[in-house]
Amino acid sequence: MKDLITIITNPAKVFEEEKKPWIPIISTVIISILGFLVLRLALSAEFAEKARQLIENLPEDQREKALAGLTKTTRMLLIGTITILIVTPIKILLQSLIFNQAAPILGGELSFLNSMTVLGYANFVSSLSLLIKVPVAIITRQPLVRTDLGIFFDEIKGYFPVVLSQVDIFTIWS
């Protein structure tokens with residue numbers, strides 16, 4: 001658990017000795033689920049309104065089904081939670097596999113477990129963005145909070161703002 005704090009203050013120290021990826025992966029999943037649940041519960045009216053706006057453009061038969069689905073809040077929360085629980089570890093496993101296979105091509109050596117550890121901690125740092133995004137979303141009543149550089153160039157159209165929107169502060173940090 002101490003490593004989760006040290007990864008923020010002194011990342012190099014965390015990797016001085018052999019580590020296992022389980023704690024950062026589990027922490028990432030827990031933070032992601034809590035962030036999802038708090039955001040969905042706090043902004044349920046905003047999510048419902050946005051969904052209604054999107055549903056208005058559907059054909060009549062699809063619109064009725066979609067409106068019926070909006071009332072199943074508990075089911076939506078459960079599906080979202082299960083999705084995070086399954087997808088986050090799979091994402092880290094796939095990233096680890098890619099890094100593990102790319103290391104020899106780039107002239108390096110990296111075991112799969114070390115790759116998974118590094119990516120577990122990197123995803124943990126990325127999940128910390130929720131500590132900023134969720135309170136800001138609740139205060140502004142806007143479900144989508146961005147921490148990328150594209151927010152400074154929102155009015156400009158073209159390639160440059162799109163590229164900058166891919167540069168997230170927490171991604172750089174991780």
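The values are calculated or read from the model by the stated rules, or taken from the named source; none is laboratory data. These figures come from a predicted structure and were not determined experimentally. Glycine also receives a Cβ, built like all others from the backbone with ideal geometry; neighbour counts cover every protein chain displayed. Please note that ligands, DNA and RNA were not included when accessible areas were found on the heavy atoms of the full protein model with its side chains. Shrake-Rupley method; radii C 1.70, N 1.55, O 1.52, S 1.80 Å.
Applying the criterion of being of a type in the set (Val, Ile, Thr) and within 24 Å of ARG141 (Cα to Cα) to the residues of the stretch 70-82, the residue that is nearest to the chain's Cα centre (by Cα) is THR81. When you check ILE86 against the structure, is it open to solvent by less than 70 Å² (accessible area, probe 1.4 Å), modelled with pLDDT of 90 or more and not in a loop (DSSP other than H, G, I, E, B), yes or no? When the stated conditions are applied, ILE86 does not pass them.
Evaluation of TRP22 against the conditions (1) touching a helix residue (DSSP H, G or I) at 6+ places or on another chain (Cβ under 7 Å); (2) among the aromatic types (Phe, Trp, Tyr); (3) closer than 24 Å to LEU4 by Cβ shows that the sole unmet condition is (1). Identify all residues within the stretch 98-124 that are part of a helix (DSSP H, G or I) and in contact with a helix residue (DSSP H, G or I) (Cβ under 7 Å, 6 or more places away or on another chain); write none if there are none. Correct list: PHE99, ASN100, PHE112, SER115, MET116, LEU119, GLY120, TYR121, ASN123, PHE124. Among the helices (runs of 4 or more DSSP H) contained in the stretch 1-69, which hold 3 or more residues that are closer than 17 Å to ARG141 by Cβ and open to solvent by less than 90 Å² (accessible area, probe 1.4 Å)? Result: 22-42, 44-55. Residue count for the stretch 149-164 under the criterion of being under 28 Å from ALA45 (Cα atoms) and either crowded, with 16+ Cβ neighbours inside 10 Å or among the β-branched types (Val, Ile, Thr) (or both): the result is 2. Condition first: over 14 Å from LYS19 (Cβ atoms) and open to solvent by 30 Å² or more (accessible area, probe 1.4 Å). Now tell me which residues in the stretch 103-133 satisfy that. Once the filter is applied, which keeps residues that are over 14 Å from LYS19 (Cβ atoms) and open to solvent by 30 Å² or more (accessible area, probe 1.4 Å), the stretch 103-133 yields PRO104, ILE105, LEU106, GLY107, GLY108, GLU109, SER126, LEU130, LEU131, ILE132, LYS133.
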